[in-house]
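**Student:** The structure's right below; bear with me while I get my questions together.
Just so it is clear, none of the values below were taken in a lab; they were calculated from the coordinates. Small disclaimer: the values here were computed from a predicted structure and weren't measured. We place every Cβ from the backbone using ideal geometry, glycine too, and count neighbours over all the protein chains shown.
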Amino acid sequence: MAESGEEEIIGKPVQELQLNPQNLPKSYMYEEGGAGFCDALVPSQDDELIPVLDLHLLSSPSTAQEELAKLRHALQSWGCFQAINHGLESSFLDKVRQVSKQFFQLPKEEKQKCAREPNDVEGYGNDIIYSANQRLDWTDRVYLKVLPEDTRKFKFWPQNPDDFRSTVLQYTESIKMLSEVILKAMAKSLNLEEDTFLNECGERCDAFLRFNYYPPCPMPDHVLGLKTHTDGSTITFLLQDKEVEGFQVLKDDKWFKVPIIADALVINVGDQIEIMSNGIFQSPLHRAVINAEKARLTVAMFFLPDSGKEIKPVDKLVNESRPVLYRTVKNYVGIYFQHYQQGKRAIEASKI
């Protein structure tokens, strides 16, 4: 896919590429329009702030209605929010970050023991190559299917550090329970039965956990850690780095930095909830930028409907003033990755 010499580096860990900063591969470079990646806005007093929701208030009868209204507004206007008081202990979130960092600090030979296979997203590695003009993400990652339990491929799960698996299992269970709380609240905010979105997703929802390691890069205005995209999920949970910012969201044609809030989880809706909500909730365009001097590490969990389920707008959200806006889709994630790697939005193909 590349010119002479470039083919040799395609597929190499980005952690290796950073060791030769004078020879950055063209496949990672945005030659035009790249300047300004790191110049996103920090919301000011004149801007609507990125919503912060207190999940404890969401579960309290005396404050639930007010928080539900905030939730609906957040997902209509931003497509995301920062969740605080979500029930996960600060020490445990630090543990999740710790095992992630320990893995990426291992020698290459140790990490390669759980390397992904060709054309498979699971395991350790980086971008799958779909096209010759594809722009690659400046990140190494571990991508694991964690739900349903009987679909886990433990050959891709790191055995070093030795508490990696137990930490992942505990984190998966915690975020799964939290996802059900959020999906129920989202339904209630639209005056639907609280189990509406859960039922639409089916009994065997898929969940993927992705550990993202973004090495520093001397040209942060010309590479992206994650290219501009929406998620193909129903909802996504992001555990941010404790110190290094990099997550940005597009709103009203402006890029906004998502600030780090201690122990908060960033939650955003994905394309499949946009479809189910008939466009009321918006799957936000977002990206990850790179720091010139510091590495950044994040952990994202994606929830998806049962792959056998057909996804379509909920009947009660369709009427004369808001007709059906999306086609019925099945196995949406199957087409999502190819669109993503080409910098395209898969959901555009689903719109009527």
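**Student:** Rg over Rh of segment 24-170, using C-alpha atoms and the Kirkwood radius, what does it come to?
**Tutor:** 1.05
**Student:** Please report the net charge: other residues with Cβ closer than 14 Å to the Cβ of S91, K and R +1, D and E -1.
**Tutor:** Summing Lys/Arg as +1 and Asp/Glu as -1 gives -1.
**Student:** What percentages, rounded to whole numbers, describe P(r) for segment 83-167 computed over all alpha carbon pairs with 10 Å bin width beginning at zero?
**Tutor:** Taking all Cα pairs of segment 83-167, the binned fractions are 15, 41, 32, 12, 1 percent.
**Student:** When the Cα atoms of segment 148-254 are enclosed in a convex hull and the volume is divided per residue, what value in Å³ results?
**Tutor:** Roughly 165 Å³ of hull volume per residue.
**Student:** Name the residue, out of D54, D150, D206, whose mean-square fluctuation peaks in a Gaussian network model built on the chain with Cα pairs under 10 Å.
**Tutor:** Comparing D54, D150, D206 in the GNM, the peak value goes to D150.
**Student:** How high is the relative contact order of segment 71-151? Use alpha-carbon pairs under 8 Å, at least six apart in sequence, and give a whole percent.
**Tutor:** Computed value for segment 71-151: 15 percent relative contact order.
**Student:** Would you mind estimating how fast the chain diffuses translationally, via Stokes-Einstein at 4 °C and 1.567 mPa s with the Kirkwood radius over Cα pairs, in µm²/s?
**Tutor:** 62
**Student:** Let me ask you something else. As a footprinting exposure proxy, order V324, V99 by other Cβ within 10 Å, with the fewest listed first.
**Tutor:** V324, V99
**Student:** Along the Cα→Cβ direction, 7 angstrom out, place labels at L169 and K145. What is the inter-label distance in nm?
**Tutor:** Simple spin-label model gives 1.9 nm for this pair.
**Student:** Separate question: Calculate the dipole size of segment 273-317 relative to its Cα centre from +1 charges on Lys and Arg beta carbons and -1 charges on Asp and Glu beta carbons; express the result in debye to the nearest 20. Spell out each step's value before the answer.
**Tutor:** Values: 6 positive and 5 negative charges, 35 e Å.
Around 160 debye, computed over segment 273-317.
**Student:** Might you report the magnitude of the Cβ-based charge dipole of the chain about its Cα centre, with Lys and Arg at +1 and Asp and Glu at -1, to the nearest 20 debye?
**Tutor:** So the dipole magnitude of the chain works out to roughly 420 debye.
**Student:** Which is farthest toward the positive dipole end of the chain among L190, L238, N331, measuring Cα position about the Cα centre, with Cβ charges +1 (Lys, Arg) and -1 (Asp, Glu)?
**Tutor:** N331
**Student:** Considering only the other residues whose Cβ falls under 14 Å of the Cβ of I352, what net charge follows from Lys and Arg at +1 and Asp and Glu at -1? Working shown, then result.
**Tutor:** Details: positive: K312, R322, R327, K351; negative: E274, E348.
Around I352, the charge tally is +2.
**Student:** Counting other Cβ atoms within 10 Å, keep those with at most 16, restrict to DSSP loop, and tell me which GluC sites (Glu not before Pro) in segment 87-131 are left.
**Tutor:** Those that pass, being in a loop and sparsely packed, are E89.
**Student:** Considering only L144, N160, G202, whose Cα is most displaced toward the positive end of the charge dipole of segment 136-226, charges sitting on Cβ of Lys, Arg (+1) and Asp, Glu (-1)?
**Tutor:** Most positive-ward Cα: N160.
**Student:** Based on Cβ point charges of +1 for Lys and Arg and -1 for Asp and Glu, what charge dipole magnitude is obtained for segment 191-319 about its Cα centre, in debye rounded to the nearest 20?
**Tutor:** Working: 13 positive and 20 negative charges, 104 e Å.
Taking the Cα centre of segment 191-319 as origin, the dipole is about 500 debye.
**Student:** Evaluate the distance, in nm, between pseudo-label points positioned 7 Å from the Cα of E31 and of I129 along their respective Cα→Cβ axes.
**Tutor:** 1.8
**Student:** What order do you get for 21-27, 140-146, 328-334, 68-74 when each peptide is scored by the mean count of other beta carbon atoms within 10 Å, highest first?
**Tutor:** Ranked by mean Cβ neighbours within 10 Å, highest first: 140-146, 68-74, 328-334, 21-27.
**Student:** Across segment 12-23, in residue order, what do the Karplus-derived ³J(HN,Hα) couplings come to in whole Hz, using 6.51 cos²θ - 1.76 cosθ + 1.60 with θ = phi - 60° and x for Gly and Pro?
**Tutor:** Running phi through 6.51 cos²θ - 1.76 cosθ + 1.60 with θ = phi - 60° gives 5, x, 5, 4, 7, 5, 5, 6, 10, x, 7, 9 Hz.
**Student:** Follow-up question, since we're still on this one. Output the relative contact order of segment 196-352, whole-number percent, from Cα pairs under 8 angstrom with separation of 6+ residues.
**Tutor:** Relative contact order, segment 196-352: 33 percent.
**Student:** Residue separation times 0.36 nm, minus the C-alpha to C-alpha distance between D306 and K242: what's the value?
**Tutor:** 19.8 nm
**Student:** In terms of the ratio Rg/(2.2 N^0.38 Å) built on C-alpha atoms, what value belongs to segment 195-305?
**Tutor:** Dividing the Cα radius of gyration by 2.2 N^0.38 Å gives 1.14.
**Student:** Taking the Cα centre of each part, how many Å lie between segment 265-301 and segment 75-109?
**Tutor:** 14
**Student:** Next up: Quote the relative contact order of the chain in percent (integer), defining contacts as alpha-carbon pairs under 8 Å separated by 6+ residues.
**Tutor:** After rounding, I find 21 percent.
**Student:** Can you pull the one-decimal nm distance between simple spin-label points at K176 and N319, each 7 Å off the Cα toward Cβ?
**Tutor:** The modelled label-to-label distance comes out at 3.7 nm.
**Student:** Would you please put 268-278, 75-85, 292-302 in order of how densely packed they are, using the mean number of other Cβ atoms within 10 angstrom per residue and starting with the highest?
**Tutor:** Per-residue Cβ counts within 10 Å, averaged per peptide and sorted highest first, yield 268-278, 75-85, 292-302.
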